[in-house]
Amino acid sequence: MCGITGILFHPMASTLIEKMVAVQHHRGPDATKIYLSENNHCALGHNRLSIIDLSEQGNQPMFSKDKRYVLVFNGEVYNYRELKKELQGSHSFTSQTDSEVVLAAWIKWGSACLDKMIGMFSFAIWDTVQQTLFAARDRFGVKPFYYNVSNTTLYFASEIKTLWAGGIAKIKNDTVWANYFCYGSYGLPHETFWNGIQQLPAGHFLTYSASSGLYVQQWYAFTERIQQLIDEHQPDITEQYETLLLDSIQLRFRADVPVGFNLSGGVDSSTLLALVNQCYPKAPIEAYTFYTGDERYDELPWVQTMIQQTNNPLITCKLSAQDVPSLLQKVSLAQDEPFGGIPTLAYANLFREAHQRGTKVLLDGQGMDEAWAGYDYYHNNNQQTIQGLTQSPYTPQILEDEFQALATQEHYPAPFDCSMMNLQYRDLFYTKIPRALRFNDRISMMYSTELREPFLDHRLVELAFSRPKEEKWHDGNTKWFLRKLVSKHLGNVISYAPKRPLQTPQREWLSGDLKDLVMAGLQKVDTSGYFKKGEALKQYEAFCANPVQSVNIWQYLNFATLI
């Protein structure tokens, strides 16, 4: 993982690009380089976190042999060795990096190279002859790509704050904020919480030139792929799926630096634990988990039970209420937009610990719930997007009338005949996965650590998503197929932590230990112009008297740290 940024067709590009790469230094502290075109039409910046080929040959911006094309790349293409073999006849490689493979693949195949890649990526390539930029983002948007078009100038970066450093004004997008407070939405795939700053949606590419302007196109045809798998109607995918799981794990262990993984007490982490140890039985890999010391929420007992069977070194990272105020400020600065709650702060501690221990890559189990329909609302005819809730936790009535009127309930595409699959599709491309990936990218990169998601390998997601309902829900159990698979490796004695909306005592802390912090935040909220005077405080007082759910209280506190 790294940080990329660029400015096209701006007279002050050489000055601005210096400021922009400085803001993104945490994303790549190992090397920072800049490319400036002779005519000042293009400035590209790169912050490198060295993971594959640690030599200077892997530094970027990277040039084609004839110097026509210039690449800045963020992420990992895990099957780069296989692609490299395909390209040997047309390209003479000088490094061992996946970045050089990306550039060579694009030169040979154009945008069709994207379909060949297994990995997480966002990259941009400048054509010095055509004076055109090509940029692309991976299938599920694991790696970020933000941009702004102002007159004929294009700005892009891996983080929003980088665009602010380049001169883009920090102005709230009132409509996105209104939807957030009224419905819990984090915006559509192209939106952000800030005016003038957009995202390149997952599975899309763009081109830009001064003459033709901006063109955005989807390249990942997910729904077509799912229909193809359904039509093929494979009666049993057990062997195929397990083979893909092992391949996905092994591909994501390709690194020239130490690799570890994150662990919780659920079936997804159990699967990760089992397969990591099947792949690497002779050298137990370090596992990381967080806890708070509150047995009502901690999954540490389940984690320790699993670890007893595998003997992986376990690094435990405790979050206390006293840690929250300073960590909240730091994480908010890294996120630039609202994030999910105190569990995100607890998760950040894992990356801090890994960084301190010299582990530069961590794997986690993100993506299984969406692929195998693991959330309760997939099965109870509930339109919520938060596990465990049956009604909306939001209270739009305390917003100013004019602001509240901006909010509109978002309606998502429903391309499948099955309602459950449509909810899965919503979560993969519009709600849960986009926001979780953004939260996790920022907290991992905050500590210059790369996070890899083996269960978001598109081959696994497609195969699981396409399976019939009875393989996802059986005898009251979610992810039925996956549970059978992991019991094969860890045994039937394993019990899993119950799936819960909270993994930390967020309600208790917000109504107790963190009361001063919340009160200070509500004073800022009260003067924001979004809320009716005193209403947020009244709601907080009611919450303290009966702390049942804390989603909206967290929203107000998080908002206060961002404005």
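The values are calculated or read from the model by the stated rules, or taken from the named source; none is laboratory data. Quick caveat: nothing in here was measured; it's all calculated off a predicted structure. Cβ: placed from backbone, ideal geometry, glycine included. Neighbour counts: every protein chain shown. Side chains are part of the model used for accessible areas, which takes the heavy atoms of the whole protein and leaves out ligands, DNA and RNA. Shrake-Rupley method; radii C 1.70, N 1.55, O 1.52, S 1.80 Å.
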Can you give the Rg/Rh ratio of segment 18-79, where Rg is from the C-alpha atoms and Rh is the Kirkwood radius? 0.97
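Using the Kirkwood formula over every pair of different C-alpha atoms, what hydrodynamic radius in Å results for segment 349-471? Spell out each step's value before the answer.
Details: mean 1/r = 0.0594 Å⁻¹.
Evaluated on segment 349-471, it is 16.8 Å.
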Run the accessible area of segment 1-93 with a 1.4 Å probe and give the carbon-and-sulfur part as a rounded percent. 50
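Can you list the trypsin sites (Lys or Arg not before Pro) in segment 261-362 that are in a DSSP coil and have 16 or fewer other beta carbons within 10 angstrom? The partial results should precede the final answer.
Values: sites: Lys282, Arg296, Lys318, Lys330, Arg352, Arg357, Lys360; in loops: Lys282, Arg296, Lys360.
Filter output for segment 261-362: Lys282, Arg296.
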Multiply the residue gap between Thr305 and Asn546 by 0.36 nm, knock off their C-alpha separation, and tell me the result in nm, one decimal place. 83.3 nm
Treating the beta-carbon of each Lys and Arg as +1 and of each Asp and Glu as -1, no other charges, what is the dipole magnitude of segment 49-91 about its Cα centre, to the nearest 20 debye? 180
How high is the relative contact order of the chain, in percent, counting Cα pairs under 8 Å that sit 6 or more residues apart? 14
Residue-normalised accessible area of the chain, given per residue in Å² at a 1.4 Å probe: 38
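How much length, in nm to one decimal, is gained on full extension between Asp115 and Ser320, taken as 0.36 nm per residue of separation minus their Cα-Cα distance?
Numbers: separation 205, 0.36 × 205 = 73.80 nm, distance 4.44 nm.
Computed gain between Asp115 and Ser320 is 69.4 nm.
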Positive-pole candidate from Phe63, Cys2, Met120, dipole of segment 1-149, charges at beta carbon: Met120
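If r is the Cβ-Cβ distance from Val257 to Lys330 and R0 is 22 Å, what FRET efficiency results, to the nearest 0.05?
Numbers: r = 24 Å, r/R0 = 1.09.
Efficiency computed from Cβ-Cβ geometry: 0.35.
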So how far apart, in nm, are the two label points at Asn39 and Gln523 if each is 7 Å from Cα heading toward Cβ? 5.6
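Give me the dipole magnitude in Debye, nearest 20, for segment 1-159 about the Cα centre, with unit charges on the beta carbon: positive for Lys and Arg, negative for Asp and Glu. Let's see the in-between values first.
Working: 15 positive and 15 negative charges, 28 e Å.
It works out to roughly 140 debye.
Mind jotting down a quarter of the surface of the convex hull over the alpha carbons of the chain, in square nanometres, one decimal?
On the way: hull surface 101.0 nm².
For the chain, the mean projected area of the Cα convex hull comes to 25.3 nm².
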Let's see if you can work this out: charge +1 on each Lys and Arg Cβ, -1 on each Asp and Glu Cβ, no other charges. What is the dipole magnitude of the chain about its Cα centre, in debye to the nearest 20? 740
Paramagnetic reach from Glu295 in segment 243-267 [backbone N under 18 Å; point 7 Å along Cα→Cβ]: 265
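Considering only DSSP beta bridges with both partners in the chain, what is the antiparallel share in %, to the nearest 5?
Working: 55 of 69 bridges.
Around 80 percent antiparallel, to the nearest 5.
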